[in-house]
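Asker: One structure follows; several queries about it will come next.
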Amino acid sequence: MSSDLVSVLEGIYITKHAEVRMNKRGITRQMIELVLMFGRKIYARGVVFYVIGKKEIQRFHDKEAGLKNMEGIQVLTSVDGVIITTYRNRDLRAIRPENHKHRHSH
């Protein structure tokens with residue numbers, strides 16, 4: 001295990017870069033845990049995005065009321081589950097799934 005990784009939850013590790021970004025952006029470990037549990041999982045650009053959008057808040061508000069203040073939080077992990085970074089961005093259109101094909105009609 002690399003010394004650049006910190007354990008967040010059992011079996012979940014975070015890079016020091018991501019920990020610095022979390023602290024700077026006011027994103028707590030509890031928020032990270034909730035995003036990993038309830039967030040939409042999108043494979044794109046060689047990483048896995050876990051995102052909390054309006055749909056997740058509506059779907060899970062009965063199970064976890066704390067999600068209502070977390071719209072736009074995104075957690076990026078490597079394919080083996082190491083948290084790379086986290087930030088807030090409510091525009092989920094910027095994330096393009098790997099299997100997404102643009103079709104143009106001419």
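Asker: When the stretch 7-47 is examined, which residues are found to be of a type in the set (Val, Ile, Thr), within 15 Å of residue 72 (Cα to Cα) and surrounded by fewer than 15 Cβ atoms within 10 Å (Cβ to Cβ)?
Answerer: Listed by number, the list holds a single entry, 28.
Asker: Ok, one more. Residue 6 fails exactly one of the following numbered conditions: (1) aliphatic (A, V, I, L, M); (2) more than 13 Å from the chain's Cα centre (by Cα); (3) at pLDDT 90 or above. What is the number of that condition?
Answerer: Residue 6 satisfies every listed condition except (3).
Asker: Right, next: When you scan the stretch 58-74, do you find a residue that is exposed (fewer than 14 other Cβ atoms within 10 Å of the Cβ), in contact with a strand residue (DSSP E or B) (Cβ under 7 Å, 6 or more places away or on another chain) and not in a strand (DSSP E or B), even just one?
Answerer: No; the residues of the stretch 58-74 include none that is exposed (fewer than 14 other Cβ atoms within 10 Å of the Cβ), in contact with a strand residue (DSSP E or B) (Cβ under 7 Å, 6 or more places away or on another chain) and not in a strand (DSSP E or B).
Asker: Restricting to the stretch 79-94, what's the tally of residues that are surrounded by 12 or more Cβ atoms within 10 Å (Cβ to Cβ), more than 11 Å from the chain's Cα centre (by Cα) and closer than 23 Å to residue 12 by Cα?
Answerer: Of the residues in that region, 1 qualify.
Asker: Is there any pair with a first residue in the stretch 24-44 that is in contact (Cβ under 8 Å) with a residue 12 or more places away in the chain and over 16 Å from residue 82 (Cα atoms) and a second that is surrounded by fewer than 18 Cβ atoms within 10 Å (Cβ to Cβ) and hydroxyl-bearing (Ser, Thr, Tyr) whose Cβ atoms are under 7 Å apart and which are 6 or more apart or on different chains, and what are they?
Answerer: Once the first residue is in contact (Cβ under 8 Å) with a residue 12 or more places away in the chain and over 16 Å from residue 82 (Cα atoms) and sits in the stretch 24-44, its partners that are surrounded by fewer than 18 Cβ atoms within 10 Å (Cβ to Cβ) and hydroxyl-bearing (Ser, Thr, Tyr) give 25/87.
Asker: Tally time: how many residues in the stretch 34-49 are assigned to a helix (DSSP H, G or I) and in contact with a Gly (Cβ under 8 Å, 6 or more places away or on another chain)?
Answerer: Count: 1.
The values are calculated or read from the model by the stated rules, or taken from the named source; none is laboratory data. Everything numeric here is computed off the predicted structure, so don't read it as measured data. As a convention, Cβ positions derive from the backbone with ideal geometry for all residues, glycine included, and neighbour counts pool all protein chains shown.
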